[in-house]
1. Which residue, of A:405, A:416, is part of a helix (DSSP H, G or I), more than 14 Å from chain B (Cβ to nearest Cβ) and in contact with a strand residue (DSSP E or B) (Cβ under 9 Å, 6 or more places away or on another chain)?
2. Do any helices (runs of 4 or more DSSP H) entirely within segment A:229-342 hold 3 or more residues that are farther than 24 Å from residue B:168 by Cβ, away from chain B (no Cβ under 14 Å) and touching a residue at least 40 places away in the same chain (Cβ under 8 Å), and if so, which?
3. Select from segment B:6-15 the residues that are at pLDDT below 70 and assigned to a helix (DSSP H, G or I) and list them in ascending order.
4. Looking at B:266, B:270, B:283, B:253 in this structure, which one is under 19 Å from residue B:119 (Cα atoms), under 25 Å from the mean Cα position of the chain (by Cα) and either in contact (Cβ under 8 Å) with a residue 24 or more places away in the chain or within 14 Å of chain A (Cβ to nearest Cβ) (or both)?
5. Only one of A:332, A:253, A:294 is modelled with pLDDT under 90 and more than 27 Å from residue B:278 (Cβ to Cβ); which?
6. Is it true that residue B:110 is touching a residue at least 40 places away in the same chain (Cβ under 8 Å), closer than 24 Å to residue B:268 by Cα and either within 13 Å of another protein chain (Cβ to nearest Cβ) or surrounded by fewer than 21 Cβ atoms within 10 Å (Cβ to Cβ) (or both)?
């Protein structure tokens, strides 16, 4: 908590410019990087990781005794092809200890994990994408075992206190942080911006002015400033909750944000209503959306994976989405500050609250306290694993032992710097922290109705408030 | 024993399977042998020996969970605190949950009637026509597709792209609308019609089932009956009303009730096509969402209980109709 306060004070003092400076600095780095070896051998990255892997330090795992021949089952929501870098990065651990890792990914992870724990068939290790789900499973089933001392010591050493807090339930530390992502990004095309003579906006007002400018420059109505899509199968609506959270941090500030997450203010509080209205100013503005896709309503049926693609053909100019959207661009798209696409930091609204950064991450929880499982947990918090895995691409650990040279693309570098920046006010994705009934339930579905059925702001907020579990 | 209980590799699983089969054969052998051996076993013992194990398993695997579920529906989200009828009150009062019940009722009213009617119509029309086999195969094909597969196919049929710039329609229906000079339409988004567009998918799948059963029943009507009617000079319509329909009445009841029960449980279509969004959720989908995604065990159990309560009268009707038709024979 103290760490958070320090950050807030620092952020307020640092006022405004720090992120912009940082962006500029990163940009410079990245230009050199991509000119040299950076972009080209991203695909070879996994291979390099495995080679380097042979050299990891095996000593820490010796204290777990004779664990050779044992097996660890890992359950996760990360599916092919993103699973391969994980599997590769586990290889050195197997070589050291003789413990094999069974990797199992499921697109029904959230529901199935609960079913499996209740049926008495949990995996050894689960990669929790939401602290809220961890809390639910800890409190409702009591099957998660607390992290071993060695893991807790490693987390204390390598991670910030707030990251440790997300893996802590009722004062007991359960799950070590693993990877993270940064959500406060707006994707754009640097070349299209240059061609049209647009500048990357640094304040919210500049961003709205730019949007109006784009509307004025394209009177035909076929080219819009923004494109968006929230369809995501069972999870439809989550991208709108990200919008809400980013704006909430900017209009109400981190303290009110924390109260909102913890239900210390009601969901239909005026502060939340202001944030929703601000989001509506963009997402529900027929003039602003939905470039290359349709009207406001088309946001609801557009798959989030494809929603940003109209940027490439010039039908829209901006798309707010997290760092991991880098993986969604078609093959051959250059992600760089002077390339086909890049992202800028979603600008602040209120100077008072500094530069908030919204992010999320994954946490390693265990359902078994056998020595080989604990050894594996320790490996997943080690510098060896973090750097091996980062070399496989698409991985940003909030881990101080990370060698930034291992990151595979400029967005990951930018994200890692934002995460480790003491000046920025980091907050975890609110819907991932709220109880499942809200965070993965009504918050998603009501925001979907807000877009698809044009449900009124007040009705949406009242319905979510009514669904907040009493206990 | 350890090997059999925790089979990991394919080889182990094969051994386990073979062991299970041997065990089954052995038990059945002993049972048959024991029943046959002494000459005058009381019949209740024979009855018990055969029905007993199945009844026990049913009791344990079906009746007990059903009772537990009903019991759980009176508890809160974690199944700890007794809340009385709160979960059912929530179902009746919350707008969203009430629309779930209304949607389910719409499904159950429309699907069985439409699928049975279309199946019957089709069976009568193609009966004894020269292309009967081919025509039947065509309408029966969707039955072979899983509901998830059918939903994915129809999602493409309903796919929407705005009519701006040079965007091409992917969805068949919207392309037809564009060809006709109309605006493309969001089939899955706009309520309340989106529920009907989901229902179409289930009818598409179920019509083949109705057609097959009813066609077989029509063929089972004795030729001398139809011939006698024809000699009496009935028209096609009279033949249908007075000979065909009464002749296949038991089959009609079976088809209607089977489809009705299937419709109550409909889940895959809603989940795959809209995920229950845009006001299209039904009881089975909402049950899954509440129980497994939002870990609200109490409300989930209440929804399952309602599903159970809705199915019971249909099953009772089915059984009674079967009994009546057997009495007639």
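1. Working: A:405 fails: in contact with a strand residue (DSSP E or B) (Cβ under 9 Å, 6 or more places away or on another chain).
Going through A:405, A:416 in turn, the sole match is A:416.
2. Ranges flagged: A:238-251, A:253-261, A:270-283.
3. Once the filter is applied, which keeps residues that are at pLDDT below 70 and assigned to a helix (DSSP H, G or I), segment B:6-15 yields nothing.
4. Only one candidate qualifies: B:253.
5. Details: A:253 fails: modelled with pLDDT under 90; A:294 fails: more than 27 Å from residue B:278 (Cβ to Cβ).
That would be A:332, the only listed residue that is modelled with pLDDT under 90 and more than 27 Å from residue B:278 (Cβ to Cβ).
6. On the way: touching a residue at least 40 places away in the same chain (Cβ under 8 Å): yes; closer than 24 Å to residue B:268 by Cα: yes; either within 13 Å of another protein chain (Cβ to nearest Cβ) or surrounded by fewer than 21 Cβ atoms within 10 Å (Cβ to Cβ) (or both): yes.
Answer is yes for this residue.
Residues checked against (1) away from chain A (no Cβ under 14 Å); (2) more than 29 Å from the chain's Cα centre (by Cα):
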site: B:22; (1), (2): yes, yes
site: B:27; (1), (2): yes, yes
site: B:56; (1), (2): yes, no
site: B:65; (1), (2): no, no
site: B:77; (1), (2): no, no
site: B:96; (1), (2): no, no
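Residues checked against (1) outside the structural domain of residue A:277 (by TED's automatic domain parsing); (2) buried (at least 23 other Cβ atoms within 10 Å of the Cβ); (3) touching a strand residue (DSSP E or B) at 6+ places or on another chain (Cβ under 6 Å):
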site	(1), (2), (3)
A:412	yes, yes, yes
A:429	no, yes, yes
A:436	no, yes, no
A:439	no, yes, no
A:442	no, yes, no
A:451	no, yes, no
A:454	no, no, no
A:461	no, no, no
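The values are calculated or read from the model by the stated rules, or taken from the named source; none is laboratory data. Not measured: the values here are computed from a predicted model. A quick note on method: Cβ atoms are made from the backbone with ideal geometry, for glycine too, and the neighbour counts reach across all protein chains shown.
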